[in-house]
Amino acid sequence: VLPHLSALRQAARLMHADAMLALLDGDAHAAADRVATMYRMSDHFADDTVLISSLVGMASFKLAEQTIQAGLDAAMPSP
């Protein structure tokens with residue numbers, strides 16, 4: 001039905017994992033870059049008029065927020 005949603009959700013999860021690895025490596029710039037991409041990607045879900053697309057977009061946005069919170073909890077320096 002909407003097979004692209006699963007792939008985009010998986011991409012958000014992979015970006016989250018990559019951002020967390022960057023945080024563990026102390027690379028705040030790379031982590032912030034991944035989170036910015038996650039935010040931009042979640043915005044694209046809102047372009048569709050299908051409810052499930054919006055829900056997947058909200059889940060991706062929330063994952064980006066959780067990644068930011070993890071960075072703040074780890075005292076990630078601001079840009």
Could you derive backbone 3J(HN,Hα) for segment 36-43 from the dihedral phi with the Karplus parameters 6.51, -1.76 and 1.60 (θ = phi - 60°), listing whole Hz in sequence and x where the residue is Gly or Pro? 4, 5, 4, 5, 5, 5, 5, 5
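Hey, any idea what % of the chain's accessible area is carbon plus sulfur with a 1.4 Å probe?
Values: 3210 of 5110 Å².
That fraction is 63 percent.
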Residue 33 and residue 46 label points (each 7 Å along its Cα→Cβ direction) are spaced in nm at 2.5 nm
Taking segment 1-69 and dividing mean pair separation by its residue count, relative contact order in percent (alpha carbons under 8 Å, at least six apart): 35 percent
Order these peptides, 37-49, 60-72, by their mean beta-carbon neighbour count within 10 angstrom, highest first. 60-72, 37-49
Helix-only [θ]222 nm of the chain, DSSP H runs n ≥ 4, -39500 (n - 2.57) each, per residue, nearest 500: -27500 deg cm²/dmol
Between the modelled labels at residue 59 and residue 17 (7 Å from Cα along Cα→Cβ) the distance in nm is 1.6 nm
Charge-dipole axis of the chain as Lys and Arg at +1 and Asp and Glu at -1 on Cβ define it, positive-most pick from 26, 52, 66: 52
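With a 1.4 Å probe and every protein chain left in place, work out the accessible area per residue of the chain in Å², rounded to a whole number. Present the calculation step by step, with values, prior to reporting the outcome.
Details: 5110 Å² over 79 residues.
With the other protein chains kept in place, the chain gives 65 Å² per residue.
The values are calculated or read from the model by the stated rules, or taken from the named source; none is laboratory data. Source: prediction; values computed, not measured. Note that each Cβ is placed from the backbone with ideal geometry, even for glycine, and that neighbours are counted across all protein chains shown. Each accessible area value is taken on the protein alone, full model and side chains, heavy atoms only, with ligands, DNA and RNA left out. Shrake-Rupley method; radii C 1.70, N 1.55, O 1.52, S 1.80 Å.
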